Structures are given as C-alpha cells and as structure tokens.
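Everything below concerns the one structure shown next.
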Amino acid sequence: DRVVAITSIDDAFWSRVRAFLDLGFTLAKSNTATTFSAAGEFAFRGEKLGFALSGDSFVQSDSSGLSVSRNSLLLNGTYYFTPWRAILFIGLDQNEELDLLLRVSLGTGVAYSLLRNNWTELWLTAGLSQAHERYSSGDSIYSLSAFVEGTWEAFRFDSPELDLFLDQKILPVL
C-alpha cells in the first residue's frame, strides 16, 4: 500500500525513450489559405536523469499575402530524487504576429511532491527564468522572472476510468 508509482527502466536505450510527431496540413479553397502545423517530442528517462526535447510550429498564409508563423523549441532536463525533482531548461521561441524574432529562455527550479497516493498526485514547482527577446523593431529586452506551478493529476484504472490533469502557472516578472 506504500507503492504509488513504478517507472519501468529497462537496460536498453530505446526502451527508455518516448517520442511522437504530429503533422498537419490544411488547404482552404475559398481564399487559397494554407496551414501547416507540426508538434513533436523526444524524451529519455534514466534512473536519476531524464531529458526531453519538444517543439511545435504553425505557419499560415493566404492569397492576400498575409502570413503568420509561430515556432518554439524546448530542451529540459530533470534530476529525480524522491520526493523532489530538479529541473533545468532552455527554450527558443519565434512569433511573427507579435513581431518577436527570437526569445531565448534559460531557467532552473525544483519540484516537490505534496501528495502522492494510488489515485492522485499533487506537485508544486518553483524557480527562476531569464529571457532575452529581440523584436523586428530593433528592440531588445532582458527579463528575469520567477515561476510557481501547481500540477494535479487524478487517475483511476477501474470502472469508471478517470484520467484528469490540471496545471496552473504563475510567472511574475521581477
């Protein structure tokens, strides 16, 4: 009754990998609008260390010449030491609608498991993040932010099956 979760970690590298890739393409005949979207992740979990590389992209254009694009890439690493986790991440973002040419984010934090039992997990995460943003207007902004995140997951494998995930983040700029 004290075992809450078991993470299967085989000896083989590929059995420790989780990955996905989603691609989408849409063509609207009325205004010749094309939309391309992509999202993917490659994650590895070891006994004490894990990392994930994830990204997404959205590009849309139409016959009037309007074009929109958003792209992001995130690399994060996690060190597991129960009931804590230490995290380190670096992110790259671009958003044409916001005139954002490039945002580079670097951050670190810790997560603590407030509650873990056979049907729910509650995590609290806190840390610091630094960002450098460059805009098409020539402006360049540096910022330091704190972040606090609460994550609640509820699950039941019996009938009725339940898989619920709620996540709330607060990101005050310091």
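The values are calculated or read from the model by the stated rules, or taken from the named source; none is laboratory data. Remember, predicted model here, so these are calculated numbers, not experimental data. As a convention, Cβ positions derive from the backbone with ideal geometry for all residues, glycine included, and neighbour counts pool all protein chains shown. Please note that ligands, DNA and RNA were not included when accessible areas were found on the heavy atoms of the full protein model with its side chains. Shrake-Rupley method; radii C 1.70, N 1.55, O 1.52, S 1.80 Å.
Annotations for the structure displayed:
- Only protein atoms count toward the accessible area here, which uses a 1.4 Å probe; on the chain, the carbon and sulfur part of that area reaches 60 percent.
- Radius 14 Å from Cβ of Thr108, net charge of other residues (Lys, Arg +1; Asp, Glu -1): 0
- Kirkwood Rh, angstrom, region 1-153 [1 / mean 1/r, Cα pairs]: 18.4
- Each residue of region 97-113 was assigned a 3J(HN,Hα) from its phi angle through the Karplus curve 6.51 cos²θ - 1.76 cosθ + 1.60 (θ = phi - 60°); the sequence is 4, 9, 6, 8, 6, 7, 10, 10, 10, 9, x, 8, x, 10, 10, 10, 7 Hz, with glycine and proline shown as x.
- Cα-only radius of gyration and Dmax that characterise region 102-174, units Å: 17.5, 57
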